[in-house]
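> Take this structure, written in structure tokens, and hold onto it; I'll ask about it next.
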Amino acid sequence: MSALPQERRVITAIPGPKSQELQARRTAVVAAGVGSVLPVFAARADGGIIEDVDGNRLIDFGSGIAVTGVGASAEAVVRRASAQLADFTHTCFMVTPYEGYVAVAEALAELTPGDHAKKSALFNSGAEAVENAVKIARAYTKRQAVVVFDHGYHGRTNLTMALTSKNMPYKHGFGPFAPEIYRMPMAYGYRWPTGPENCGPEAAAQAIDQISKQVGAENVAAIVIEPLLGEGGFIEPAKGFLPALSEFARDNGIVFVADEIQSGFCRTGQWFACEDEGIVPDLITTAKGIAGGLPLAAVTGRAEIMDAAHVGGLGGTYGGNPVACAGALGSIETMKELDLSARARHIETVMKARLGAMQEKYDVIGDVRGRGAMLAIELVKTDSPESVATKEPNPEATAALAKACHQEGLLVLTCGTYGNVLRFLPPMVIGEDLLNEGLDILEQAFARI
């Protein structure tokens, strides 16, 4: 049970006067490049609610970008992290190790797909995890090339910016980027020229053909892909695409890396999104939902691949911080105890029924997609036959709808290569009443706009 009342409450403008004061202070001292979706300053958060400094309570359909799936102050996370804080905050695992790191690696070996021997290395952020997965794959294969996909997002470090397909705001003006990165077509069913029913096999054949001809399979260290895309627009790769790529990788000695940073830890109704088509990746990267809001990330994979890097080749001062590890063990305890995979599937049932009804009513909704508590709607222009035929993206409507929801006390996020996707990432512990109230607010925003 949350100590924070699970009720929406809007008592000032959004943002309110105290948030506006803090925003003025922020503007003076925080770099302008650090943006915020909504400049409402949080005071407390848990369950499906964020309470701001003005006393407003917002329904949370963002989870801090898929981080607080168990809630933003889950009992087990707070209990375990607090106990660890009292013992010690840091020794550096590479100097004097501690049990929490080992316990997290044991949990990851148990939970990730496949029954092969697995090992993990822990880091601070998703970008660090992806970067280290590439390092490990290169060490193991003695190859350099890395294959990624249109609409993919993998982070903000130099290498992960190179892996990411969206220029603005992630890459613009920050080059030159790391070399030996090759981008292939994504099986984006909604926008595939011959229709979604042909997309998986056709896109896989196209990607494999391009890899073989342009790069050479024997030069590829890793294929890195999100089994359900995040920032790129919550695109579900069309059925058959991931299995074909996985098989191609296996046949050619390529390390298949599933980037599950946004989609992992019950978010899609399974522990990991790649389980949907029975994919067993060689390496899997995790972060976001792993530790209930504390900074932690991991690369987990086949023991022989993980052991390819020389001693001292992997690490980092804070990687696998003991307090974050304690938080992760609390988060995993909560996911198991509450069966949050089943809860995410229930959220999908509720939301898809409501979003589908909205799609029938409003032509601007071109597509409803996603799985579990990772859902989205893609908005398109309907002002001319040409725009309808080409499914022209509608970022203006997307921004207007997000703003309308924010004003009514519903936090929603946008995403997508074209900026035309509203994404929904409610905490898996959100109450039924709040979930439906949030959908009511969204529907009212459509009616107004």
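> Quickly rank 269-275, 124-130 as a protection proxy: mean count of other C-beta atoms within 10 Å, highest first.
124-130, 269-275
> Compute the signed sum of charges (Lys and Arg +1, Asp and Glu -1) over the other residues within less than 11 Å, Cβ to Cβ, of Gln359.
0
> Right, here's the next one. With a sphere of radius 13 Å drawn around the Cβ of Leu375, what net charge do the other residues whose Cβ falls strictly inside it have (Lys, Arg +1; Asp, Glu -1)?
+3
> Ignoring everything except DSSP H segments at least 4 long, calculate the 222 nm mean residue ellipticity for the chain; use -39,500 (n - 2.57) per segment, divide by total residues, nearest 500.
-12000 deg cm²/dmol
> Additional query: Can you sort Met428, Met94, Met306 from fewest to most other Cβ atoms within 10 Å of each residue's own Cβ?
With the fewest neighbours first, Met428, Met94, Met306 line up as Met94, Met306, Met428.
> Right, another one. Using a Cα-Cα cut-off of under 21 Å, which lysines could be cross-linked to Lys336, ignoring same-chain neighbours fewer than 8 residues away?
Result set, ordered by chain and number: Lys118, Lys288.
> What list of ³J(HN,Hα) couplings, whole Hz, do you get for the stretch 293-307 from phi and the Karplus terms 6.51, -1.76, 1.60, once you set θ to phi - 60° and write x for glycine and proline?
x, 8, x, 7, 8, 8, 10, 10, x, 3, 4, 5, 6, 4, 7
> Please state the shape class of the stretch 171-274: rounded when a/c is under 1.5, otherwise prolate if a/b exceeds b/c and oblate if not, all from the C-alpha gyration tensor.
Rounded shape, in that the Cα axes give a/c under 1.5.
> To one decimal place, what Kirkwood hydrodynamic radius in Å is obtained for the stretch 76-338 from all pairs of distinct Cα atoms?
18.7
> Still on this model: Which ³J(HN,Hα) values, rounded to whole Hz and listed in residue order, are derived for the stretch 18-34 from phi using the Karplus coefficients 6.51, -1.76 and 1.60 in 6.51 cos²θ - 1.76 cosθ + 1.60 with θ = phi - 60°, glycine and proline given as x?
With the stated coefficients, the stretch 18-34 comes to 5, 4, 5, 5, 5, 5, 5, 4, 4, 4, 6, 10, 9, 3, 4, x, 8 Hz.
> Which residue fluctuates most in the GNM of the chain (Cα springs below 10 Å): Ala326, Ala205, Ala32?
Ala32
> List, in order, the whole-Hz ³J(HN,Hα) value for each residue of the stretch 216-222 obtained from phi through the Karplus relation with A = 6.51, B = -1.76, C = 1.60 and θ = phi - 60°; use x for Gly and Pro.
x, 4, 6, 9, 8, 7, 8
> For the residues Thr89, Thr300, what sequence is obtained by ranking on other C-beta atoms within 10 Å, fewest first?
Ranked by crowding around the Cβ, least crowded first: Thr89, Thr300.
> Provide the net charge surrounding Glu226, with neighbours chosen by a C-beta distance below 11 Å and charges set as Lys +1, Arg +1, Asp -1, Glu -1.
Charge balance in the 11 Å sphere: -4.
> Can you sort His151, His346, His116 so the residue with the fewest Cβ neighbours within 10 Å comes first?
Ranking His151, His346, His116 by Cβ neighbours within 10 Å, fewest first, gives His116, His346, His151.
FYI, it's all coordinate maths here, none of it is from the lab. Here the structure is a predicted model, which is why all the values come from computation and not from measurement. Neighbour counts run over all protein chains shown; Cβ positions are idealised from the backbone, glycine included.
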